Structure formats: structure tokens, C-alpha cells
Amino acid sequence: MCLDNQPTNLQMHQDISLIDWCFSILVFWCSIIVAILISNHCFSYDLTLNQALEIATSQNLSLKKAGLVTILSEAELKANYALKYPRLGFNLNSGYNEIKEPSFGQRTIGKPDSPWTNQISLTLSQYLYTGGKISNGITLFQSKRDISRYQEKIVREELFFNIALAYWELKKTILAEGLAEKKKEHLELLLKEAKERYSAGLIPKIEVQRQHTLLSQANYELKKAQIIQGKANNNLCLLLNLSQKEMINPIDEPKVEEEVRTLPYLINEALSKRAEIKQAKNGVEEKESFLGVKTSEKRPQVSLLAQLNWGAWEDEWRKSISSLKSSDWKVMLNLDFLLFDSGKINAEIEEAKTQLNIAKIEEEEIEKKIISEVYQAYQDVLDAKEGINTYQERVSLEEENLQQAYLQRDLGKITPAQLSKIELSYEEARIDLFDAKINYIIQKATLAKSVGEVNNTSSTECWQNWGY
């Protein structure tokens, strides 16, 4: 009896070992699959345009770099401001001098038998007159600081504008994908109807094949729309410095607001607000200050120097430290004047004058460019508004046709495929209207950008005139 049970128990242990091995393999592959799914998981969340701008303000690298350049220019300005004020210096000397007999005609300082010397000095210096070099230098770096600030504003405006374009472009691609999906569903319905009619002998087989071809094309268009949507999502993530695995769902809807301001008013606003024209004006001021700095180098410089010394000479170092006493003081008035430099300063002055003339020409060019941009953007806004009116009429017509189609469906006068075609036409008209509204918003944003209405302190306020 026992002998008969031994093979049975052995077989049972083998079966249990096989089950454990299979279970271990299954757990191993399941863990790998889960890890792959987690690594490829795309996080999706809703996002408003203002939230996107706030993310960009805190994370965009170009904006951070522009901010650091502004901080650098402010530090340079502070360094030049310091030249206007007195400088106080402290000096400590301690050393050992080897005692030698003085040669003929030489004098010894201190006691000849005191090798240890210690001396403390306080020095006060102040520029009294520099021929305008310091004041022009301060104005020069003030202009550079302001140029850096305006450049930061330009970077911010360009970033916000690009984010707005990317945001609404992603919104368009999402709707385009939905439309492609509806087209596919419509063609699937047509294919089903074609197969039924072919089975009933009402249409030839080539009609079914034609519907197959159209459905294949619709599948291709759907995949293409999905790829375009993925690219639009990646572009927005790149601007926001986010991981491209994150799927953004833009939840804002376009709002259309009439542009009531006149073109002359917008041009005047642009010439007073645009960072580029302010930057150009500061560029002219910078070159004027640079010319003043170079011109001042031909003038004398007067400075005041006051110094107070304490010193001691002893045989031992400790004694020399303990016996420090005031030994001398002096006040000096220094006059520096360049007599001859082979024409170097004159050449630099001529160079500075040329740079100033170039800066003035650039300012005039930027002013004309801004006027042209405002004019073109204003005309584009008017054209975009006309486009909205046109597509609004089409949507109204398609909506009326759709209501009639629903009544005919209830009466059994049209097929599901015919109703699907009318629904698709209405959906296309609705999406065309949505695209027209987004185009209007983009043109309004372009106009606001050309006028310089992007506020660099609040992402909410900066869009109040951008059609949002």
C-alpha cells in the first residue's frame, strides 16, 4: 500500500513544482508589462490659456535667461554708481628688514637697529572732477539696463503669443480628429448599406469596393489627424517646458469681441507702448552716453586722496605691534591730464559718433516697421471678422437642414446613411466656424502684440485685449 502511494506523492510534488514555476514566469512577465505601461503612460489634464501662461512664466528657459540678463545689467549699473562716492581702504604691512650699513648717499627709514616694521594705513579717495566720465558712464549703464528690461518684455510677449498659437492650434487639431472620426463612422454606415444593397442585387460589386476604398482613405485621414494632434500637443509642451508624455486638453472656448478702436489710435498706442521702439530709443541714449564717455577722456580728472598712517619699528615683532603710534598723515590733490595718445581717443570718438548715427537710423526703421505691422494686423482682424459672419450663415443653413432631416427620419423618408451625411455636413460647418473664430482670436492677438499690449506682470491682464 505504501509502495503504491509513493509514485503518487512524487507525481503530486512534481505537479506542484510545475505550477509554481509557471506562476513565477507569469508574475515575471506581468511585472514587465505593467512597468512598460507605466513608463509609457501619458498624463492628461485640462488646461486654460491663463494657466498655460502662468506655467510658462515660471518654467520657460528663454524667459529665465532674459530675467538673468536684466539682473546682470542692474548689477553693472550699481557698480558704476559706486564711483560717485568716496572709497575707504585699509592696509596692514608687517615685515622684517635686514639691517645693513647705508652706502654713501643713502638714507635709512626708521631706526637702523630696528628690523621689525609694522604699519597700518587708512586711505580715503574721492573723484572731484572727471570731465563727465562718471555721469556719462552711469547714463550708459542705465540705458543698457533699460534695454535688458525691454528685451525681457519682448521675449515674454513672443512667448505668450507663441503659446496662444500653440494652444488654439491644439484645440483645432482635437476637433479635426473628432471630425475625422465622424467621417469614418459615416463611411462605415455607407459601406454597410452598400453591402446590403449588393446582396439584394440593387448595385454592382464595384460600388462596394468603392466604399471600401473611401473607408480606407478615411482611416488614413483619421490616423493623420491623430499624428497632427500629437505634434501640436508636443509643441505646446515644449513651450511650457513640460514632459511630452503629458496630453493637454485645452478647455477654453473662443470668444469674439468687436474691435472698436480706430487705426490711427492703434498706431499712436503702438509707438508709445512697443518695447522695440523703447529699446531703440534707449539704444540711441546708450550711444550718446558712450560718446560722452569717450569725449571725457580728453578732459582732465581731479581726485582727492587722504591717508593716515600708524607705524612702529622695534627689535622684536611683539614690541613693534604694541608700540604702534601715529606717525604721519597726508592729503593730496591729484590732477591727471592726457597730453598725447597718437590720435587714439579722437578715433574712438569718431567711432562713437558713427554708432550713434546708426542707432538713430535703426530707431527710424523700427518706427516704420511698427506702423506697417499695426496696419496689416488691423486689416487682418477686419477680414477675419468677415469670415466669421460668412461661416455663421452657413452653420445656420446646415442647422436648418439638419432639423428638416430629423423630421424626415421620423417619417421614415430618409435612410440612416442620408441622415448621417447631413449630420456630417453640419459638423463640418460648425468646425469651420470654430476655426474662423480661432483665426479671429489669433489675428486679434497679432494686433495686440503689434500694439504692445501684453502686460508683463499679470498673465490674466495681458489677455484682456487679445480676444480671450
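The values are calculated or read from the model by the stated rules, or taken from the named source; none is laboratory data. No experiment lies behind these values; they were computed from the predicted model shown. Positions of Cβ are backbone-derived with ideal geometry, glycine not excepted, and every protein chain shown enters the neighbour counts. Protein only, heavy atoms only, side chains kept; ligands, DNA and RNA dropped before computing areas. Shrake-Rupley method; radii C 1.70, N 1.55, O 1.52, S 1.80 Å.
Tabulated results
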{"quantity": "Kirkwood Rh, Cα atoms: Rg over Rh of region 184-263", "calculated": "1.30"}
{"quantity": "Set of aspartates and glutamates near Lys183 by C-alpha distance (under 16 Å), chain-local residues within fewer than 8 positions excluded", "calculated": "Glu193, Glu221, Glu423, Glu427, Glu428, Asp432"}
{"quantity": "Net length gained if the chain between Asp341 and Gln418 were fully extended (0.36 nm per residue, minus Cα distance)", "calculated": "18.4 nm"}
{"quantity": "Förster radius 35 Å - calculated FRET efficiency between Asp46 and Ser425, Cβ distance, rounded to 0.05", "calculated": "0.70"}
{"quantity": "Amide H contacts under 5 Å for Leu47, placed H, 5+ residues apart", "calculated": "Asn249, Ile251"}
{"quantity": "Accessible area of region 339-443 belonging to carbon and sulfur atoms, whole % at 1.4 Å probe", "calculated": "50 percent"}
{"quantity": "Estimated vicinal HN-Hα couplings, Hz - region 431-444 in sequence order (Karplus 6.51, -1.76, 1.60; Gly, Pro = x)", "calculated": "6, 4, 5, 4, 4, 5, 5, 5, 4, 5, 4, 5, 5, 5"}
{"quantity": "Theoretical gain in end-to-end length, Lys353 to Glu74 [0.36 nm per residue, Cα-Cα removed]", "calculated": "97.9 nm"}
{"quantity": "Ranked order, Leu308, Leu407 - accessible area, probe 1.4 Å, largest first", "calculated": "Leu407, Leu308"}
{"quantity": "Simple spin-label estimate for Leu88 and Glu258 in nanometres, 7 Å along Cα-Cβ", "calculated": "6.9 nm"}
{"quantity": "Among the listed pairs Lys144/Lys360; Lys281/Lys369; Lys78/Lys344, those beyond 18 Å (Cα-Cα)", "calculated": "Lys78/Lys344"}
{"quantity": "Ranking by accessible area, most exposed first, for Tyr375, Tyr391, Tyr150 with a 1.4 Å probe", "calculated": "Tyr375, Tyr391, Tyr150"}
{"quantity": "Inter-part distance where region 322-399 and region 174-221 are each reduced to a Cα centre, Å", "calculated": "61 Å"}
{"quantity": "Residue-wise HN-Hα coupling along region 274-288, computed from phi with Karplus coefficients 6.51, -1.76, 1.60 (Hz; x: Gly, Pro)", "calculated": "4, 5, 5, 6, 5, 5, 5, 5, 5, x, 5, 5, 4, 5, 5"}
{"quantity": "Within straight-line cross-link reach of Lys330, lysines at Cα separation under 28 Å, skipping those fewer than 8 residues along the same chain", "calculated": "Lys84, Lys111, Lys133, Lys319"}
{"quantity": "Cβ-derived FRET efficiency at R0 22 Å, Lys231 paired with Ile251, nearest 0.05", "calculated": "0.60"}
{"quantity": "Per-pair calculated FRET efficiency, R0 = 25 Å: Leu407 and Arg197 via Cβ, rounded to 0.05", "calculated": "0.50"}
{"quantity": "Pairs beyond 22 Å (Cα-Cα), from Lys195/Lys224; Lys231/Lys255; Lys153/Lys449; Lys385/Lys421", "calculated": "Lys195/Lys224; Lys231/Lys255; Lys385/Lys421"}
{"quantity": "Net charge of neighbours whose Cβ lies under 9 Å from the Cβ of Leu77, counting Lys and Arg as +1 and Asp and Glu as -1", "calculated": "+1"}
{"quantity": "Phi to ³J(HN,Hα) by Karplus 6.51 cos²θ - 1.76 cosθ + 1.60 over region 379-396, Hz, x for Gly, Pro", "calculated": "5, 5, 5, 4, 5, 5, 5, 4, x, 4, 4, 5, 5, 5, 5, 5, 4, 4"}
{"quantity": "Sulfur and carbon atoms: percent of accessible area, region 174-279 [1.4 Å]", "calculated": "54 percent"}
